[in-house]
1. Do we have Leu244 as touching a helix residue (DSSP H, G or I) at 6+ places or on another chain (Cβ under 8 Å) and at pLDDT below 95 here?
2. Which of the residues belonging to segment 319-329 are touching a helix residue (DSSP H, G or I) at 6+ places or on another chain (Cβ under 9 Å) and closer than 23 Å to Ser119 by Cα?
3. Looking at segment 297-338, which of its residues are among the charged types (D, E, K, R) and either more than 24 Å from Val236 (Cα to Cα) or in a loop (DSSP other than H, G, I, E, B) (or both)?
4. Any idea how many residues of segment 133-155 are at pLDDT 75 or above and outside any strand (DSSP E or B)?
5. Filtering segment 81-99 down to residues that are without any contact (Cβ under 8 Å) to a residue 12 or more places away in the chain and of a type outside the set (S, T, N, Q), which residue is nearest to Phe290 (Cα to Cα)?
6. Considering segment 300-332 alone, what residues qualify as being among the hydrophobic types (A, V, I, L, M, F, W, C), surrounded by 19 or more Cβ atoms within 10 Å (Cβ to Cβ) and farther than 15 Å from Leu181 by Cα?
7. It is to be established whether one or more residues within segment 251-272 are in a strand (DSSP E or B) and either within 30 Å of Gly115 (Cβ to Cβ) or touching a residue at least 24 places away in the same chain (Cβ under 8 Å) (or both).
Amino acid sequence: MVATHTLAREAVSPADAEMGDDGGVVVTWGDGHVSLYSAGELPAVFGSNRVAARQPMPEGVGISRSGGSPAAGDIPLEQLVASGALEIDAGLGQEQYTEQVLDNLAAYGLAFVTGVEPSAAATRALLEGICFARATHYGDFWDFTADLEHGDTAYTNLALRPHTDGTYFTDPPGAQILHCLEHDGSGGDSVMVDGFAALDALAAARPDHFDLLSSTPLRWTYVDANDVYSAVAPAVTTDAAGALRQLRFNNDDRDGFPDGDASTVAAYYEAWTHLMGLVNDANAPWTATFKLLPGTVCFFDNWRTLHGRTAFTGKRRLAGAYYSAQDLASRHARIKRA
């Protein structure tokens, strides 16, 4: 191991770079040292800290991630979900379904594993076999009904508008898992929204709105009888190249403007309202509404995919957990290197 911050400047400055025989890169550093980076290593070494870049949908399928809002002729997200294209059979075995789940999360922000016993024990075994769960004030695994155990509308039978979870954490959960173990009433349909596709549409229509949402820090807050959490961050985060990295969106968690710049408040609210209209458009091609049934476990990227539900009656029991984005990236990297 080398402490690179202690090296002379020329040692960490490339003198030459050329393509390798395998499609990788050969870098010669200023001190003469030569580094070989295979094609498979390049995304991890030089790309973002997510192992797999989010990819466009296969041609003619789903929401186009090639830029802009979904192109005419692409299959809307709801039809994609209904087609079963994002489903993975648990019978494939742990290694096979783990890789496919992580591939789908990285590419599309959504994945399903079918054929799972509708029990808390089987759900926990499945999710922990993929990656260890992230513990929060909700615990590291949930098995809950509408009992108001926490001061959160998820623990009611009310309709929930599409949102992301944990906006009030400095590092929001990277992914979430939900499994409906039982429901003896009506309603309770799941709503999923590709937030990045909605942001593409917003940026195309009003670039100034996108700039405000990605540059203005907000305070996000959660308070109940036992806990107080607060974080300051913009609603939209991009990487150095301007690619979308993270969306925080929950109107119930949105607090104030810590910088107190009154001159931007009115314009910001206009931008926020614009985005809210897009993510709450049930007919938009980036929105899917479906019934999550016992036996099917839903995985979604909490930095990209918003989730909600319709109001419901009867007893509805769910199990689930969070994953850390970095832990999933590590798991994905190990699989791809095998």
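The values are calculated or read from the model by the stated rules, or taken from the named source; none is laboratory data. Computed from a predicted structure; not experimentally measured. Note that we place each Cβ from the backbone using ideal geometry, even for glycine, and neighbour counts take in every protein chain shown.
1. So Leu244 fits the description; yes.
2. The answer is Ala319, Gly320, Ala321, Tyr323.
3. Within segment 297-338, Arg304, Lys315, Arg316, Arg317, Arg331, Arg334, Lys336, Arg337 qualify.
4. Total satisfying the criteria: 7.
5. By that ranking, first place goes to Gly84.
6. Phe300, Trp303, Leu306, Ala325, Leu328, Ala329
7. Checked segment 251-272: at least one residue is in a strand (DSSP E or B) and either within 30 Å of Gly115 (Cβ to Cβ) or touching a residue at least 24 places away in the same chain (Cβ under 8 Å) (or both).
Yes or no, residue by residue, for (1) at pLDDT below 60; (2) more than 30 Å from Thr237 (Cβ to Cβ); (3) not in a strand (DSSP E or B):
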position	(1), (2), (3)
Met1	yes, yes, yes
Ala11	yes, yes, yes
Gly23	no, yes, yes
Gly32	no, yes, yes
Leu36	no, yes, no
Val45	yes, no, yes
